[in-house]
Amino acid sequence: NPNSSSFLNWWDINPNNGSGIEHYGNIHRETGEWNDHKISKEMMYIMESDSDLGVLSNHDYIGTYNLKYYYRSQNIHLWEDSKMLAENAGGYLTVFESLLENQAVAQMNVNAGYDVVWIGLYQDLNDSEYSEPDGAWKWLNGTKLTNISSTYLWSTGDTSQSITVSPTETTEYW
């Protein structure tokens, strides 16, 4: 499906909806792994642009990757405000299309002086696939993350992360 992505980079047991209201994604670790966080949390954000926006007030240019330009806000904001500020500046909260891009931008964030940052990942509470903790996560460009529980397809037809087979059975996943 061109509007879905099986690329996931959640940190540890995330998404976990730990506080019961965690519906926005952020880079949580220097390695670029993601965490789900609550609407009331303020942090800096990473803005992506398809063109060089030059010198921007309240943003630091942190690098380029694959013809995209990345900027980090100088101030902390709520996720919704970060989204609006990035759009008003001519960009958008960063949307990762691959693990390599995720890691490259995470390294840019480290090089700029690491901090946790908002990214363009959110949980759509109005989507028919919404469920906690991992249902209806989307990038701002509309790409849906594949639910963790549906990223496995065993030869038995099962889609759970792990299955039980008898000692005489063999199975594969693909």
* Single residue of the range 110-158 satisfying the filter (closer than 24 Å to Glu80 by Cβ, part of a strand (DSSP E or B) and at pLDDT below 95) that is farthest from the chain's Cα centre (by Cα) -> Lys144
* Asked: Filter the range 72-111 for residues that are more than 28 Å from Ser6 (Cβ to Cβ), hydrophobic (A, V, I, L, M, F, W, C) and in contact with a Phe, Trp or Tyr (Cβ under 9 Å, 6 or more places away or on another chain); which is most open to solvent (accessible area, probe 1.4 Å)?
  -> Ile76
* Structure fact -> The condition from (1) outside any loop (DSSP other than H, G, I, E, B); (2) among the hydrophobic types (A, V, I, L, M, F, W, C); (3) closer than 24 Å to Thr146 by Cα that Val95 misses is numbered (1)
* Residue among Ser57, Ser82, Ser73 that alone is within 16 Å of Leu140 (Cα to Cα) and of a type outside the set (Asp, Glu) -> Ser82
* Structure fact -> Of the residues in the range 18-43, those that are open to solvent by less than 20 Å² (accessible area, probe 1.4 Å) and assigned to a strand (DSSP E or B) number 7
* Just one of (1) over 19 Å from Asn66 (Cβ atoms); (2) open to solvent by 70 Å² or more (accessible area, probe 1.4 Å); (3) of a type in the set (A, V, I, L, M) trips up Val116, so point out which. => (2)
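The values are calculated or read from the model by the stated rules, or taken from the named source; none is laboratory data. If you're wondering where the values come from, they're calculated on a predicted model, not measured in any experiment. Note that we place each Cβ from the backbone using ideal geometry, even for glycine, and neighbour counts take in every protein chain shown. Quick note on the areas: whole protein, heavy atoms, side chains included, nothing else; ligands and nucleic acids left out. Shrake-Rupley method; radii C 1.70, N 1.55, O 1.52, S 1.80 Å.
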